[in-house]
1. Between beta-carbons, use under 15 Å as the cut-off and find the net charge around residue 213, counting Lys and Arg +1, Asp and Glu -1.
2. Mind listing which GluC sites (Glu not before Pro) in segment 128-157 are in a DSSP loop and have 12 or fewer other Cβ atoms within 10 Å?
3. Run the dipole for segment 34-150 about the Cα centre, Lys and Arg Cβ at +1, Asp and Glu Cβ at -1, nothing else charged, and hand back the magnitude in debye, nearest 20.
4. By the scheme Lys and Arg +1, Asp and Glu -1, what is the net charge of all other residues having a beta-carbon under 15 Å from that of residue 176?
5. Considering only the other residues whose Cβ falls under 12 Å of the Cβ of residue 45, what net charge follows from Lys and Arg at +1 and Asp and Glu at -1?
6. If the only charges are +1 at each Lys and Arg Cβ and -1 at each Asp and Glu Cβ, what is the size of the charge dipole of segment 79-137 around the Cα centre, to the nearest 20 debye?
7. What is the magnitude of the charge dipole of segment 67-217 about its Cα centre, with +1 placed on the Cβ of each Lys and Arg, -1 on the Cβ of each Asp and Glu, and no other charges, expressed in debye to the nearest 20?
8. Give, in nm to one decimal, the length gained when the segment between residue 131 and residue 287 is fully stretched (0.36 nm per residue of separation minus the Cα-Cα distance).
Amino acid sequence: MSLRPALSLLALSLAFALPAAQAGDPAADGGQALLVLDASGSMWGQIGGQPKITIAREAIDAMLAGWPGGDLGLMAYGHRRKGDCADIELLQPVGAFDADAVRRRVGALQPRGMTPITAAVRQAAEHLKFTEQKATVILVSDGEETCSADPCALGEELEALGVDFTAHVVGFDIEEGSRAQAQLQCLAANTGGRYLAARDAGELGDALGDLAEAAPAAPSLAVKSADAWIPGFVLEADTSETLDGEAGGATTVHEFSVDQDAKACQAMCEADAGCQAWHYEPTGSYFVEFPRCHLKDGVFSMRLREEGEGFVAGVKPGVKLIRDDAH
């Protein structure tokens, strides 16, 4: 293998590092989610001999194991100072899913303060840019608002202003018929979200597991079709990035004789049911004194790269595997 193809593959791997960082693009199908955790002083209360914060850590760990891969961030309130309604902190910015980072930050929380539910959910919505894109908040709280605000009214406001804003709420150890339950149920209902009651460790785990299943999935790749004959270009593929959840594929390189041209390469692909696309590399490229035919077999994203005279690429009619960088 020549040095030039190896460098091309390296450049391609770097190019494909970008979409992961851009997974929160407003055009992404799945949107973004932010977990807001109550770390107020009451989370030291016990259920079955275990502090509620310990139970919450274990339930969140299980939720992370079942997360579908969409963007996730973490916010907490009441964990730094007593009596401070401004004690709200974005612990993990919304971005590519990182279970270990979320787990570490939840594990470090030490409940001690107030319960500013309304302000925390408002900040979460703003971090998610809820007026520009789909946004989901998952709130876990064990008590009512203690900072002279109305979560119910906030839900109505966010629903009216947001593009597609949803707040799912888990009421942990909340008394049936209490003011806290009414507040949390109303917040969820006003945003089209779900309210789930959890009285113990098992129910909290089940509730967060249910919400993980309904959480935004990792956005699918935006792809487009291409022409059957594209002079001057080659196709670069990344077999690690599959389309439609199917298995990846491979590029097979056939060494041609000097009298075989791009039409022969196209015909070879058309005769192969597994071939999705192809490109032809003329004599003399990469210091090789014979032409090559590259057949793209399987399901993976590609980019067109301009190479110049003699090179030709092509995609079978109806096949969509070229990454659409406009998305």
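The values are calculated or read from the model by the stated rules, or taken from the named source; none is laboratory data. As the structure is a prediction and not an experimental result, all values here were calculated from the model. As a convention, Cβ positions derive from the backbone with ideal geometry for all residues, glycine included, and neighbour counts pool all protein chains shown. We work out accessible area using only protein heavy atoms, side chains counted, and drop any ligands, DNA or RNA first. Shrake-Rupley method; radii C 1.70, N 1.55, O 1.52, S 1.80 Å.
1. With Lys, Arg at +1 and Asp, Glu at -1, the net is -1.
2. 132
3. Using only the charged Cβ atoms, the result is roughly 280 debye.
4. That sum, taken over residues with Cβ under 15 Å, equals -4.
5. Residues close to residue 45 contribute a combined charge of -2.
6. Computed charge dipole of segment 79-137: roughly 200 debye.
7. 500
8. The residue 131-residue 287 span can extend by a further 50.7 nm.
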